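The structure appears right after this line, and notes come after that.
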Amino acid sequence: MPGVLDGVTVIELAGIGPGPFCGMMLADHGARVIRVERPGNAGRFGEGGNRDILNRNRERIELDLKNPEAIAQIKELAKSADALIEGYRPGVLERLGIGPDVLLAINPKLVIGRMTGWGQEGPMAPLAGHDINYIALSGALHSYGRKGEKPTFATNAVGDFGGGGMMLAFGVVSAILHVRSGGIGQVVDCAMVDGAAILSAMTYTFLANGQWQDERGVNLLDSGAHFYDTYETKDGKWVSLGSIEPQFYALLLEKTGLDADADFAQQMDQSRWDELKGRMAEVMLTKTRDEWCTIMDGTDICFAPVLSLTEAPKHPHVAARGTFVEDAGIVQPAPAPRFSATPADPVKMAGW
């Protein structure tokens, strides 16, 4: 069955991380994504790149972009493509002879998605960087971590993938919709520093309204509260609690046996959070993770066990939804989100 992006053709100039993630998102949902690799590039995760989940569901061609004949092929592909995505530093595409001016002259309806850390302009635009640097400059990293401890980053999720690849996919699809409604092609300047900043919009809202201290680990959603945190269990594993609303908090106190303790009655008294967190931690250590699951599963406490990467695909809820799939012996996240009328095809790792 055709996916929701059936009929969309995207040229992907191969890179790593956020660019391929964008290509995966588009390809998962039916776009024809042609990944342009360097000749002889076996990929970073096995022969032909076939062990890299980010490169699934693609067509693949090999072109040496330093060769004029290869550049001519890119121009030919661009004539009928809807979009081209790339993750080079600013100016590289222009030096190759396939910058936006050239490509838009060939195809005025082309969307050119440019994935960088610092953006196409600005004092830091030409500099190298990685996820940790982009989220640091956006203010996001400052908010992640425990009180009095150093900032803790979320394994490339905020900069590279959420603020980068997924933002680029949104931008490219939006620009294609603009073209199909009668508009012209254009450049999508996707900078991970911008993406990390916009992912922090809620935090900046709280800060602007005096509901957030500009300090990590002391606020409602950053591990400051005793009812919104992770806790170690008797067997050395972990559980997560998110009992913000009063009715959910009441259930938490009931199931932990703390409902008769008057100290826990003033849920939002921040002056007590550190003390209550310590006492909650003592309670959580009295049972194993599975014992807490037996007590709390099926309730509105807002509870979940902290599962490892190998445990998560086997959880009954995750398994029932098919959140993970397996192809070519690789367990991997299934395409998301889900469309009722145009579901994504099964993932394809083989054939690279």
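The values are calculated or read from the model by the stated rules, or taken from the named source; none is laboratory data. Not measured: the values here are computed from a predicted model. Positions of Cβ are generated from backbone atoms using ideal geometry, with glycine treated the same way; all protein chains shown enter the neighbour counts.
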Inset, instruction - Output the number of residues of region 139-166 satisfying the condition of being in a helix (DSSP H, G or I) and of a type in the set (A, V, I, L, M, F, W, C). - result: 5
Legend entry - Tally of residues being closer than 11 Å to residue 227 by Cα, assigned to a loop (DSSP other than H, G, I, E, B) and of a type in the set (Gly, Ala, Ser) across region 243-263: 1
Legend entry - Test: residue 237 is among the basic types (Lys, Arg) and either over 25 Å from residue 52 (Cα atoms) or surrounded by 13 or more Cβ atoms within 10 Å (Cβ to Cβ) (or both): yes
Inset, instruction - Enumerate the pairs (first residue in region 287-309 and of a type in the set (A, V, I, L, M, F, W, C); second residue anywhere and part of a helix (DSSP H, G or I)) with beta-carbon separation below 6 Å, excluding pairs fewer than 6 apart on the same chain, so at least 6 apart or on different chains. - result: 295/255; 296/255; 301/248; 301/251; 301/252; 302/248; 303/296
Inset, instruction - Check whether at least one residue in region 66-85 is touching a residue at least 40 places away in the same chain (Cβ under 8 Å), basic (Lys, Arg) and out of contact with any Leu (no Cβ under 6 Å at 6 or more places or on another chain), and report yes or no. - result: no
Legend entry - region 264-285, subset assigned to a loop (DSSP other than H, G, I, E, B) and in contact (Cβ under 8 Å) with a residue 24 or more places away in the chain, residue farthest from residue 317 (Cα to Cα): 267
Legend entry - Single condition residue 105 does not satisfy, out of (1) in a strand (DSSP E or B); (2) surrounded by fewer than 15 Cβ atoms within 10 Å (Cβ to Cβ): (1)
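Here is a yes/no grid of residues against (1) touching a residue at least 12 places away in the same chain (Cβ under 8 Å); (2) basic (Lys, Arg); (3) in a helix (DSSP H, G or I):
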site	(1), (2), (3)
202	no, no, yes
205	no, no, yes
210	no, no, no
216	yes, yes, no
220	yes, no, no
224	yes, no, no
240	yes, no, no
Legend entry - Candidate set: region 165-188, residues that are closer than 21 Å to residue 99 by Cβ and under 18 Å from the mean Cα position of the chain (by Cα); chosen: the one surrounded by the fewest Cβ atoms within 10 Å (Cβ to Cβ): 171
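Checking the conditions here, which among 194, 160 is among the acidic types (Asp, Glu) and surrounded by 22 or more Cβ atoms within 10 Å (Cβ to Cβ)?
160
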Legend entry - Output for region 92-145, where each listed residue is closer than 30 Å to residue 221 by Cβ and aliphatic (A, V, I, L, M): 115, 124, 132, 135, 136, 137, 140, 141
Legend entry - Selected residue [among the hydroxyl-bearing types (Ser, Thr, Tyr), in the same structural domain as residue 232 (by TED's automatic domain parsing) and at negative phi] from 323, 286, 310, 342: 286
Legend entry - The one condition in (1) under 30 Å from residue 171 (Cβ atoms); (2) among the small types (Gly, Ala, Ser); (3) not in a helix (DSSP H, G or I) that residue 197 fails to fulfil: (3)
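With the requirement that a residue be assigned to a loop (DSSP other than H, G, I, E, B) and in contact with a helix residue (DSSP H, G or I) (Cβ under 7 Å, 6 or more places away or on another chain), what does region 66-102 give you?
Within region 66-102, 82, 87, 97, 98, 99 meet the criteria.
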